[in-house]
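No value in this document is a laboratory result; all are computed from the given coordinates. Quick caveat, the model's predicted, so the values are computed rather than measured. Here the Cβ positions follow ideal geometry from the backbone for every residue, glycine too, while neighbour counts run over all protein chains shown.
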Amino acid sequence: MLSLRVGQSRQAASAHGGAIRTLATGIAVALAVSMSGCSAAGSATSGMSGKTVKMFTWVGNSDEKAQWTAYINGGKLVDPSLSVDFSGPAIGSYYTKLPTQLQGTDAPCIVTLQNGQLAPYVNALEPLDAYMKEKGVNVGDYDPSMMKQLSSGGHVYALPYDAEPMVVYYNKKLFAAAGVKAPALDWTTADFLAAAKKTTRNGVYGFAIGQGIGPVGNFLVANNENYVSNDGKADLSSPALEKRFQWLIDLARVYKVAQPLQASGGTFPDIDEFGASKAAMFINGTWDLVHEQGMIGAHNLGVAVIPSDNGHPQGSIAGTGYAMTKNCSDKKAAFAAIAAMTSSKAEQSVAKSRSQVPSRADSLGAWQSSVGPQAAAVVKLLTANGQVAATATNGNEINTLFTQYEVDGFSGKSTAAEVLKDVNAGLGH
C-alpha cells in the first residue's frame, strides 16, 4: 500500500499536515531521489538561532501554525527552556522544497517526515539511536507501525508524534435525510455502497473520491491486501490493486454515487465536496477531525471504519515524525526538543486540545476522552488491527504518474488495468 498523506487538503493539512493520504501534488521526484545518493551539503550550517532550534515543516495556514505551537508548548511541560522556531511552505509543496533545504547552507536542525517519506532523505539525517539511549527514550514507547516506517537499516531516524488511522467521515444530516443508519463497526463494502446510493440525491454525491493511488490503498489495507512487497517493490499488475481501483472507477461511472475525477492541478476535490456538504462521505485521517468539525459542525460529523468485504477491517495507520539533520550544529539540543515534543505530557496535551491520535499508548486515554465514544470506538478498533503497510521505494513517482493517468479511467478512456499499464510504462518498465 502506498501510504502517502500529503494530499489531504489546503486546509485539512491543518490538523496534521500530512495524508496519508495521497500525494496528489506532483512531487518533484528527481529532487527527492537525489537525496538518496548524497548527504546534505554545507557542514558549517547550524540549524540553530542562538539556543533556539530551527524546524522546517509545513505551515500553510493559521491552523497548522497552531498545531506546531501546541506541540512546542506541550514540550515545554517537560522542558520549560525549550525553544523551537518553525517555518516552511504549505503541505502541497513541502516535499518539493525539502531537498533544497537539506542541501542548503543553512539546513534546519529538525524536519518533519510522514510515514513512507523517510527513504529519499535518509542520507541527510542523523540516526537517533545513541541520543535515545542517552536520554532514556525507548522505541517501545511509540506505535510500532510508525517506528517501522521511521526507521531504516536498523536505525531510528525520526520519532512520531501521532499514529492515526484513515477513516470514513460522514455527514450525519445527509445520512438521516436519506434514511441511512449510522455505520456499524462491522460495516461492509456492500453496506457502504448501499449508503452511497441512498445519499446520492438532490445534487449531493454519496461519496467523494480523492486523487492519487492512496484512496485505492485505503481499501486494499481495509481488506488486508497489498501490492507492495516488504522490500518496497510495487507490483502494478496486482489483481487486488486492479480490482480495488476498478471499483473506485465504477463508483463514479457505473453506480453514479461519486463525481468522476478530473485533472485538477493539485487541488483536493474530495475535501472541498465534503466540506461544502456536496458529498455525504469521504476518506481522510483522524488528524483532519477538528477541521471537518469546523466545516460541517461537530454535531454533524460522523466517523466510521473504512469498509471491508467481510466486515473485519484492518486499520491503515499514518503519522508524522520529527527527524534531525546531519548538519545540525547542536544535536543534543535538537534531540532534546524532539524528545520533549513527543513526550507523554506533550502528546496528552495536544490530544486534549486538537484531537490528534497520539503515537504513544500511554497518551491514548487523553485522546479518547476528548473526542467522544463514537469516534473513540472506531479508532480503538482500527489501531488494534492497524498496520502501516510496505511502501514502494519509488512511491512518489508512482503516485505522480497515477494521478496523471487516473483521469483516463474516470473518463471512460481506459480501464483500471490500462491505467496501471500506463503508469508502469511511465516508470520505464
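Could you work out [θ]222 nm for the chain from helices alone, using -39500 (n - 2.57) per DSSP H run of at least four and dividing by all its residues? Round to the nearest 500 deg cm²/dmol. The partial results should precede the final answer.
Details: 18 runs with 177 residues, N = 429.
Rounded to the nearest 500, it is -12000 deg cm²/dmol.
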Highest first, please rank the peptides 79-88, 123-132 by the mean number of other Cβ atoms sitting within 10 Å of their residues. 123-132, 79-88
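Highest mean first, how do 66-76, 107-117 rank when packing is the count of other Cβ atoms within 10 Å averaged over residues? List each step's numbers first, then the result.
Numbers: 66-76: 20.5, 107-117: 27.0.
Descending mean neighbour count gives 107-117, 66-76.
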0 to 90° range, to nearest 10: angle between helix 416-426 axis and the chain longest Cα axis: 30 degrees
Evaluate the stretch 171-269: find the radius of gyration of its Cα atoms, find its Kirkwood radius, and give the ratio Rg to Rh. 1.01
Output the 0 to 90 degree angle, nearest 10, between the alpha-carbon long axis of helix 331-341 and the longest principal axis computed from the alpha carbons of the chain. 40 degrees
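Looking at the stretch 104-254, what % of the alpha carbon pairs are farther apart than 18 Å?
69 percent
If the viscosity is 0.692 mPa s and the temperature 37 °C, what translational diffusion coefficient in µm²/s does Stokes-Einstein give for the stretch 239-394 when Rh comes from Kirkwood over Cα pairs?
Details: Rh = 18.4 Å.
Answer, rounded: 178 µm²/s.
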Violating pairs (Cα-Cα greater than 25 angstrom) within the set K172/K197; K198/K413; K76/K133: K198/K413
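If packing is taken as the mean number of other Cβ atoms within 10 Å per residue, what is the order of 167-175, 319-327, 225-233, highest first?
Working: 167-175: 22.7, 319-327: 26.0, 225-233: 15.9.
Most protected by this proxy first, the peptides run 319-327, 167-175, 225-233.
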With an 8 Å Cα cut-off and a minimum separation of 6 or more residues, compute the relative contact order for the chain in percent. 28 percent
Just the Kirkwood number for the stretch 327-429, please: inverse of mean 1/r across all distinct Cα pairs, in Å, one decimal. 17.6 Å
Average projected area [Cα convex hull, the chain], square nanometres: 18.2 nm²
Most positive-pole-ward Cα, N396, C109, F268, against dipole of the chain from beta carbon charges: F268
Counting DSSP beta bridges with both ends in the chain, the antiparallel % (nearest 5): 70 percent
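Please get the size of the charge dipole for the chain, origin at its Cα centre, with Cβ charges of +1 on Lys and Arg and -1 on Asp and Glu, quoted in debye to the nearest 20.
On the way: 33 positive and 33 negative charges, 141 e Å.
Roughly 680 debye, rounded to the nearest 20.
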